[in-house]
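Peer 1: One structure, pasted below without further comment.
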Amino acid sequence: MKISKILAPVALATALSGLLFAQRLRDEAQHRGVLVGTAARAYLLSEQQYTATLAREYNLLEPENDLKWQTIHPAKDTVDFLPGDQLVEFARLHEMKVRGHCLMWGHYLPQWLEDGHFTASELRTLLHEHIAKVVGHYKGRIYAWDVVNEAIDEKGQLRSSIWYDTPGIGEARHGNAYIEQAFRWAHEADPDALLFYNDAEAEGMSRKSDSVYAMVRDMKRRGVPIHGVGLQMHIFDLKPDFNGIEANIRRITTLGLQVHITEMDVALPVDGGGKPRDPADVQRQAEIYRRIATACVSTPGCTAIQTWGFTDRYSWIRSWTKGRQGNPLIFDHEYAPKLAYKGLSQALRDSPAHGSAPNQ
Ligand code: XIL
């Protein structure tokens, strides 16, 4: 057999891998001066396709559940950093930055804390110690933290929670002073970490996003250590208000705060077998990824776009919507890139650049 014949498959494979290489999201993002990230789960790091895709495509990783109270503090005197450490180490090995999620949230709390009947002052001590311990443990390894998650409700009011008013950490009578306190404690524990307020359904212009905006503007003006706002971007209705989202990203970044898209997914209506009810939704989903990523990439100050997982095989959406919606991510169940991947990739490639690679 002629040598060229033997080498033909190799040449083809090389050409193909060249193409694939050129498509890596992380290279495109780096080129555009933004980060492209995903939530990840430590227990899946044993799956070869999972880790290969994660390392190949992303330069930002956020533990989906492994840094939450319930995971880190399963019992009052137990601290478990193991799953978080595994993800942070994976990120280091693959030159990815890490977002930490999250230090203060009304959900995903361990039972001992929810049922503990603590006084305000005991809770305050518990929260302070938690923030100091967790942020301290990851000092220099986690570059940005969601310090406070989902503290505001759809009417723009502070949401009832163990931290705010049931019983609260003793700051509730001062409005959002308890939020500010968490930011100060996080800053003390790692003065170099970027600190974010993160929320859902506050992406476009609304009563809720007005309230988030007013709060972070006030904090920033008074010198509270806050550096950005996370817009979760869980999309359930395939009709996002792109103009509102663009305007909101713009007004937050104009304050001198960064915006991160932190938890994007686009849930499709699915049948009992998990297949999209309307095949055209797959195209709509891709367009939504493209438009949202474009809104971020083309606004200076919007520095990261992150999805809530990357393969439809592992997403919270099926269970959250009781099986009614699914397939929300950019890789399918077999790790093949979907049209949504192309949408995101196209936005990273074609949107106007707004800076060099981020070093924040
Ligand atoms: C979700 C996880 O994806 C699930 O695995 C877990 O069971 C519950 O929490 N907003 C947030 C995330 O800030 O932490 C949530 O993550 C999804 C909604």
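Peer 1: Within region 236-255, take every residue that is farther than 22 Å from R284 by Cβ and either open to solvent by 50 Å² or more (accessible area, probe 1.4 Å) or free of Cβ contacts under 8 Å to residues at least 12 places away in the same chain (or both) and give me the one that is nearest to the ligand (Cβ to nearest atom).
Peer 2: So the residue we want is R250.
Peer 1: Restricting attention to region 296-308, and to residues there that are within 17 Å of N248 (Cβ to Cβ) and of a type in the set (S, T, Y), which single residue is surrounded by the most Cβ atoms within 10 Å (Cβ to Cβ)?
Peer 2: T303
Peer 1: Let me ask another. Filter region 115-150 down to residues that are assigned to a helix (DSSP H, G or I) and basic (K, R) and give me whichever is farthest from the chain's Cα centre (by Cα).
Peer 2: Our first condition is that a residue be assigned to a helix (DSSP H, G or I); within region 115-150, this holds for 120-137.
After this cut, where a residue has to be basic (K, R) as well, the list is 124, 133.
Numbers: R124: 26, K133: 22 Å.
Restricting to residues being assigned to a helix (DSSP H, G or I) and basic (K, R), the top hit is R124.
Peer 1: Another question about this same structure. Could you please find all residues in region 41-66 being within 19 Å of C102 (Cα to Cα) and touching a Phe, Trp or Tyr at 6+ places or on another chain (Cβ under 8 Å)? Quick ask: steps written out before the conclusion?
Peer 2: Start the filter on region 41-66 by keeping residues that are within 19 Å of C102 (Cα to Cα), which leaves 41-43, 60-66.
If the condition is that a residue be within 19 Å of C102 (Cα to Cα) and touching a Phe, Trp or Tyr at 6+ places or on another chain (Cβ under 8 Å), then R41, L61, E64, N65 are the ones that fit.
Peer 1: Which one of these is in contact with a helix residue (DSSP H, G or I) (Cβ under 6 Å, 6 or more places away or on another chain), more than 16 Å from the ligand (Cβ to nearest atom) and either of a type in the set (A, V, I, L, M) or open to solvent by less than 10 Å² (accessible area, probe 1.4 Å) (or both): A293, A280?
Peer 2: Exactly one residue qualifies, and that residue is A293.
Peer 1: Evaluate the following for D241: is it at pLDDT 95 or above and either of a type in the set (K, R) or touching an Asp or Glu at 6+ places or on another chain (Cβ under 9 Å) (or both)?
Peer 2: yes
Peer 1: In addition: Between residues in region 201-226 that are touching a residue at least 12 places away in the same chain (Cβ under 8 Å) and surrounded by fewer than 18 Cβ atoms within 10 Å (Cβ to Cβ) and residues that are in a loop (DSSP other than H, G, I, E, B) and basic (K, R), which pairs lie under 9 Å by C-beta distance while being six or more apart or on different chains?
Peer 2: R207/K155
Peer 1: Just need a number here: residues in region 32-69 that are in a helix (DSSP H, G or I) and either within 18 Å of H234 (Cβ to Cβ) or away from the ligand (no atom under 14 Å from the Cβ) (or both).
Peer 2: Residues in region 32-69 being in a helix (DSSP H, G or I) and either within 18 Å of H234 (Cβ to Cβ) or away from the ligand (no atom under 14 Å from the Cβ) (or both): 11 in total.
Peer 1: Find the residue count for region 85-105, including only residues that are assigned to a loop (DSSP other than H, G, I, E, B) and either in contact with a strand residue (DSSP E or B) (Cβ under 8 Å, 6 or more places away or on another chain) or at positive phi (or both).
Peer 2: 3
Peer 1: Related question: From the list A151, A120, which residue is open to solvent by 20 Å² or more (accessible area, probe 1.4 Å) and in contact with an Asp or Glu (Cβ under 9 Å, 6 or more places away or on another chain)?
Peer 2: Working: A151 fails: open to solvent by 20 Å² or more (accessible area, probe 1.4 Å).
The unique qualifying residue is A120.
Peer 1: So which residues in region 321-357 are more than 18 Å from Q283 (Cα to Cα), surrounded by fewer than 15 Cβ atoms within 10 Å (Cβ to Cβ) and modelled with pLDDT of 95 or more?
Peer 2: Those that are more than 18 Å from Q283 (Cα to Cα), surrounded by fewer than 15 Cβ atoms within 10 Å (Cβ to Cβ) and modelled with pLDDT of 95 or more: K322, G323, E334.
Peer 1: Which is aromatic (F, W, Y) and within 16 Å of the ligand (Cβ to nearest atom), of W185, W112, W105?
Peer 2: W105
Peer 1: Could you tell me whether region 89-102 includes any residue that is over 19 Å from the mean Cα position of the chain (by Cα) and more than 16 Å from the ligand (Cβ to nearest atom)?
Peer 2: yes
The values are calculated or read from the model by the stated rules, or taken from the named source; none is laboratory data. Quick caveat: nothing in here was measured; it's all calculated off a predicted structure. Virtual Cβ from ideal backbone geometry, glycine too; neighbours counted across all protein chains shown. When the accessible area is computed, the model is the full protein with side chains, heavy atoms only, and any ligands, DNA or RNA have been set aside. Shrake-Rupley method; radii C 1.70, N 1.55, O 1.52, S 1.80 Å.
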